[in-house]
1. Once label points are set 7 Å from the Cα along Cα→Cβ at both residue 9 and residue 108, what is their separation, rounded to one decimal in nm?
2. Quick one: length gained pulling residue 41 to residue 117 fully straight, 0.36 nm per residue minus the C-alpha distance?
3. Quick one: accessible area per residue over the chain, 1.4 Å probe, rounded to a whole number of Å²?
4. If you place +1 on the Cβ of every Lys and Arg, -1 on the Cβ of every Asp and Glu, and leave all else neutral, what size is the dipole of segment 2-121 about its Cα centre, to the nearest 20 Debye?
5. Can you give the accessible area of residue 110 in Å² (nearest 10), computed on protein heavy atoms with a 1.4 Å probe?
6. How much length, in nm to one decimal, is gained on full extension between residue 17 and residue 124, taken as 0.36 nm per residue of separation minus their Cα-Cα distance?
7. Go through [x] 1.06; [y] 1.12; [z] 1.21 and flag the label whose value is the computed Cα Rg over 2.2 N^0.38 Å for this structure.
8. Which trypsin sites (Lys or Arg not before Pro) from segment 59-133 combine a DSSP loop assignment with at most 12 other Cβ atoms within 10 Å?
Amino acid sequence: QGYSSLMAFDPTQELDVNVEEMTGIVNNMRSAEITYAVRDTEIKGLKINSGDFIGITKGDILVSTPSRIETAKKLLDDMITKDREIITIFQGIDAKEDEILAVVEYAKKLNPDIEVDLINGKQEIYSFIIAVE
């Protein structure tokens, strides 16, 4: 959310205008993270196995699967609609090129008009951090 709101910052505008624009971006966007489970557990009825990939959005674990790609697809199903315009994917150090391409392909399948930005975030814990505007 911070990254997306910073992209809306315009140094030629008044502070109030920038705050309004940046707040609008944050309120309209969705974000999610994919990481891995370190132990077996169950949260809100969702069974999570150690080593599974978990998808987090809105502060809650939405999905847990043994596949990083399947976890990403389930998150994208929840996040991408026809009115979304941009998806930014920050790839972690363990994200593989074929997985990144599969995530982009799936996002385009859900919304062929969505613009995709890829950023090598090099984050260690999260395979992907995804922002959809």
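1. Distance between the two pseudo-spin positions: 3.2 nm.
2. Values: separation 76, 0.36 × 76 = 27.36 nm, distance 3.39 nm.
Residue separation times 0.36 nm, minus the Cα-Cα distance, leaves 24.0 nm.
3. Details: 7880 Å² over 133 residues.
Value for the chain: 59 Å² per residue.
4. Details: 13 positive and 23 negative charges, 125 e Å.
I would put it at about 600 debye.
5. Looks like 40 Å² after rounding.
6. Values: separation 107, 0.36 × 107 = 38.52 nm, distance 3.56 nm.
Result: 35.0 nm gained on full extension.
7. Matching the structure shown: [y].
8. On the way: sites: 68, 73, 74, 82, 84, 96, 108, 109, 122; in loops: 82, 84, 96, 122.
Qualifying residues, ordered by number: 82, 96, 122.
The values are calculated or read from the model by the stated rules, or taken from the named source; none is laboratory data. The structure presented is a predicted model; accordingly, all values stated were derived computationally and were not measured. Every residue, glycine as well, gets a Cβ built from its backbone with ideal geometry; the counts of neighbours run over all protein chains shown. When the accessible area is computed, the model is the full protein with side chains, heavy atoms only, and any ligands, DNA or RNA have been set aside. Shrake-Rupley method; radii C 1.70, N 1.55, O 1.52, S 1.80 Å.
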